[in-house]
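Below is one structure, written out as structure tokens, with a few remarks after it.
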Amino acid sequence: VLTSLGANSSEFAYDAAEQADGKTIVVGSTNGGGSTTDFLVARYRTDGSLDPDFGSGGVVTTPISGSNDSAAAVRIQPDGKIVVAGGAGGIHGGCRCRTVLVRYTPDGALDESFDGDGILNDEFSELGNETSAALLLTPDNKILMIGQAAEYGAPNHLIIERYNADGTHDKSFLAS
């Protein structure tokens, strides 16, 4: 299956998850023909075609920072909501990049019950660049995000953060 959102756009896929009904959610980024990238979430039916009941013709693009945003990981919650992690803000030209969690409803709309608008921008440190790389949903409905933080020209640091189902930090999970 090849998916293009336009003649001059570029799409990148980084992770996928299967829903209970057999449909597949794919996440990554798209530049839509412009110079910046946005989160890309697409849903495919079991026959490989885009699902027209999801987003706009099977695709949702979400601009987070107005710069280089990219979704890296996806998990489906038991209630069908879609949790996506990645980075926003870009890493070129000294721009800060921060971790982002976005939650969508099963039809592809931003879930406003998650951090108030569906988008949780998080910044862990003053190291310069942070990005989410993986997600895990725990049996008690918490979200575990794994990523990295780096200062330009310095070693990377591991980030592990746990969130409650509503997008708030789980204060019982302490990291040093």
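The values are calculated or read from the model by the stated rules, or taken from the named source; none is laboratory data. Bear in mind that the values here come from a model prediction, so they are computed numbers and not experimental data. Reconstructed Cβ throughout: ideal geometry from the backbone, glycine too, with neighbour counts over all protein chains shown. Ligands, DNA and RNA are excluded from the accessible area calculation, which covers all protein heavy atoms including side chains. Shrake-Rupley method; radii C 1.70, N 1.55, O 1.52, S 1.80 Å.
Miscellaneous remarks
- Size descriptors for the chain, from the alpha-carbon set: Rg then Dmax equal 15.8, 48 Å.
- With both residues required to sit in the chain, DSSP beta bridges show an antiparallel share near 95%.
- Once C-alpha pairs closer than 8 Å and six or more residues apart are averaged by separation and normalised to the residue number of the chain, the relative contact order reads 13 percent.
- On a per residue basis, the chain carries 49 Å² of accessible surface, using protein heavy atoms and a 1.4 Å probe.
- Under the combined filter of DSSP loop state and at most 14 neighbouring Cβ atoms within 10 Å, region 22-86 retains none of its chymotrypsin sites (Phe, Trp or Tyr not before Pro).
- Cut-off 9 Å between beta-carbons: net charge of the residues surrounding residue 58, Lys and Arg +1, Asp and Glu -1: 0
- The packing ranking of peptides 97-108, 18-29, highest mean first, is 97-108, 18-29, where packing means the average number of other beta carbon atoms within 10 angstrom of each residue.
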